[in-house]
1. Could you work out the helix-only [θ] at 222 nm for the chain, with each DSSP H run of four or more residues adding -39,500 (n - 2.57) and the total divided by the number of residues, to the nearest 500 deg cm²/dmol?
2. Per-residue HN-Hα couplings for the range 101-113, Karplus 6.51 cos²θ - 1.76 cosθ + 1.60 at θ = phi - 60°, whole Hz, x for Gly and Pro?
3. Can you give the relative contact order of the range 10-136 as a percent, counting alpha carbon pairs under 8 Å and 6+ residues apart?
4. Report the longest stretch of the chain that contains none of the GluC sites (Glu not before Pro) sitting in a DSSP loop with at most 15 other Cβ atoms within 10 Å.
5. With springs only between Cα atoms under 10 Å apart, run a GNM on the chain and tell me which of Ile140, Ile80, Ile168 wobbles the most.
6. How big is the antiparallel share of DSSP beta bridges in the chain, given as a percent to the nearest 5?
7. Identify the trypsin sites (Lys or Arg not before Pro) of the range 61-166 meeting these criteria: DSSP loop state and at most 16 other C-beta atoms within 10 Å of the C-beta.
8. Tell me which residues come under 5 Å, amide H to amide H, from Arg35 once H is placed; ignore anything under 5 positions away on its chain.
Amino acid sequence: MAVSMHRGREMVGLDNSWTLDDVLALPEDQTTGQRVELVDGALLVSPWPRVGHQRMLSTLQRQLHPVVPSVLEMLPGVNIVLGHRGDRLVAPDLVISRDPGFDGVYLTEDQVFLVCEIESRSTKLKDRTLKRALYAEGRIPYYLLVDPAEEPAAATMFALSGEDYEPIAKSEGGRLELTRPFTAGIDLA
């Protein structure tokens with residue numbers, strides 16, 4: 001396996017000394033086809049999602065778009081910087097931002113109203129544990145977790161309660177009924 005280099009450093013290293021600036025400076029040709037995230041100085045690299053995952057993302061966007069208030073903005077695959085040390089950069093599948101029209105490389109946790117992760121085999125554990133904990137620590141009010149591998153597909157909407165998330169809606173029979181953070185019926189099929 002060839003090792004990609006950036007400023008004399010391996011792209012995938014084990015030294016846990018990566019910074020936000022290092023990650024943002026990576027040339028696009030080194031990150032094409034993979035999602036690069038940063039947690040406490042360590043890179044998390046995973047392949048870009050498969051077509052079925054992207055299809056689920058499109059389904060969610062189509063159904064959420066009419067119910068998301070105009071004071072918010074829905075964006076797929078946006079970078080979010082978590083924490084005040086600037087050593088956490090994550091890229092959820094879908095973000096609802098409190099800052100419509102913002103133009104930058106990343107949002108901060110204060111600009112984020114809701115994050116959504118669509119699980120895959122390679123991200124399931126990370127989405128259910130690590131990212132959930134990071135989003136809660138960042139005080140992001142809502143977390144939508146979707147499992148398209150279930151038959152039918154399943155989803156849970158969580159609301160921040162204290163230091164962690166509590167489920168406020170779970171799908172039944174492939175349909176998620178929401179009363180908060182907005183009213184919506186989402187068909188996951």
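1. -4000 deg cm²/dmol
2. Each residue's phi maps through the Karplus curve to give x, 4, 10, x, 7, 8, 9, 9, 4, 5, 8, 9, 9 Hz.
3. 21
4. Here the longest run is 1-149.
5. Highest fluctuation among the options: Ile168.
6. 85
7. Those satisfying the criteria are Arg85, Arg98, Arg121, Arg139.
8. When sequence neighbours closer than 5 places are left aside, the close amide H contacts are Ser46, Trp48.
The values are calculated or read from the model by the stated rules, or taken from the named source; none is laboratory data. Keep in mind that this is a model prediction, so the values were computed, not measured. Note that we place each Cβ from the backbone using ideal geometry, even for glycine, and neighbour counts take in every protein chain shown. Keep in mind that these areas ignore ligands, DNA and RNA; they rest on the heavy atoms of the full protein, side chains included. Shrake-Rupley method; radii C 1.70, N 1.55, O 1.52, S 1.80 Å.
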